[in-house]
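Some notes on the structure that comes next.
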Amino acid sequence: MEGASSSQQVAQSENDTFFTQEELNKLKSDFETGRVGNIKSQIQQKLAELDETELNIAVTGESGTGKSTFINAMRGLRKKDEGAAKVGLMETTMEPMRYPHPNLPKVCYWDLPGVGSTTFPAATYLKKMKFERYDFFIIISACRFTDNDAKLAKEINQLRKNFYFVRTKIDADFDSMRKEGENEINEDKELEAIQSACMKNLREAGIRTPTVFLISSFEQNRYDFNQLNKALEDDLPSIKKCIFVLAYPNRSVEIVQQKSKMLQKYVWMLAVFSGSVGAIPIPGLSFACDIRVLIGAIIHFRKCLWLDEASLQRLANITNKPVEELKAVVKAPLLGKIDKDIIKYLFWCYSVAAVSAVELALHFIPIIGSIFGAGSSFHKIYTMLTNALKDLTESAERVVKVAHGID
């Protein structure tokens, strides 16, 4: 294979490849000494790590602050959908309630009881809530943050966990202003006032430099919802950052494109594994591959891009669009059942769209070098997965535009 040398490719960062620098150095060493089996073994281990890594997100706040609605919004669910967090005015949470993501069940949101009650005093809250299981905490308020919220943040900080203050129901604030006769509202000025008030009471409670995100769980492309997601994403290590991004609901074309870049990082590893390990010939094809890996990869890509049946239905429900209208813009045959016959069909479809060596070098391949030639199983499988991901991405972009009325 032509393109960048292995030493140049291995210099890519962990964020580009999911591998630490130490792991990249080991791959480089095995490449230079011809230990191909070791390379395949390391890639297999990394794929298993990507599949098994959990992300646990704690959401806490007083009753009525919108915790459940926020958890549902982050998972792309409405309150009446299967698996949705219960939404109500009374405190229904007396112990941590686990809510897995509908497509990526290793990503879990935990609805925690409000801190400061007689049942859960701040001094013992974290211990009772088993703080060590969570990757970070989101502290929610629908009005002003309390002393108990600040105390909790200090305790979390001492335990070296990240926390984020989120002020919810901003849309309800503006609705109330309009009902009170304020027809010409300067939203920027009002948002600044709300944020200043939140930061003031947190500073008075002892938080030196608080950051507060103002959101509406019903209008996720407005206010600070995207900024909150970006902050959460940026504070996570590489693999957890990836699964957090892949768990985003498809609210925009930009999110689809971000997911596609993450999924492209899987492709070269899957191609090495599928092209070299447990090869199973498909009758009528000129190469051998692990069919299960290819089928599993395309199904996984489809779920992450919200193109499976259940995800399309959820998106249709959220946006009040007929699901058939969304399905109509998905490129066949990627919408239906993915089996051996579809893999064979896709191979012939994509064989005329081979991926060049330059594209290979750009698509996060730190260690391949001359182990696999241009006509190898690796190259053919890489081409097939890359083009399948491209088609899925373009379909997901069209679905988002139809669902959200984007021109």
Long-range HN-HN contacts of residue 55 with modeled amide H, under 5 Å: 107, 108
Compactness relative to 2.2 N^0.38 Å, alpha carbon Rg of region 177-270: 1.45
Karplus 3J(HN,Hα) series, Hz, for region 378-391 with 6.51 cos²θ - 1.76 cosθ + 1.60 (x for Gly, Pro): 3, 4, 5, 5, 4, 4, 5, 5, 4, 6, 5, 5, 4, 5
Estimated vicinal HN-Hα couplings, Hz - region 258-266 in sequence order (Karplus 6.51, -1.76, 1.60; Gly, Pro = x): 5, 4, 4, 5, 5, 5, 4, 5, 6
Backbone HN-Hα couplings from phi across region 145-160 [Karplus 6.51/-1.76/1.60, Hz, Gly and Pro as x]: 6, 9, 4, 5, 4, 5, 4, 4, 4, 5, 5, 4, 4, 5, 8, 6
Electrostatic dipole magnitude of region 97-178 [Cβ: Lys, Arg +1; Asp, Glu -1; Cα centre; debye, to 20]: 320 debye
Distance between modelled label sites at residue 94 and residue 204, nm, 7 Å Cα→Cβ extension: 3.5 nm
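No value in this document is a laboratory result; all are computed from the given coordinates. All values reported here derive from a predicted model rather than from experimental measurement. Cβ sites come from the backbone with ideal geometry, for glycine too, and all protein chains shown count toward neighbours.
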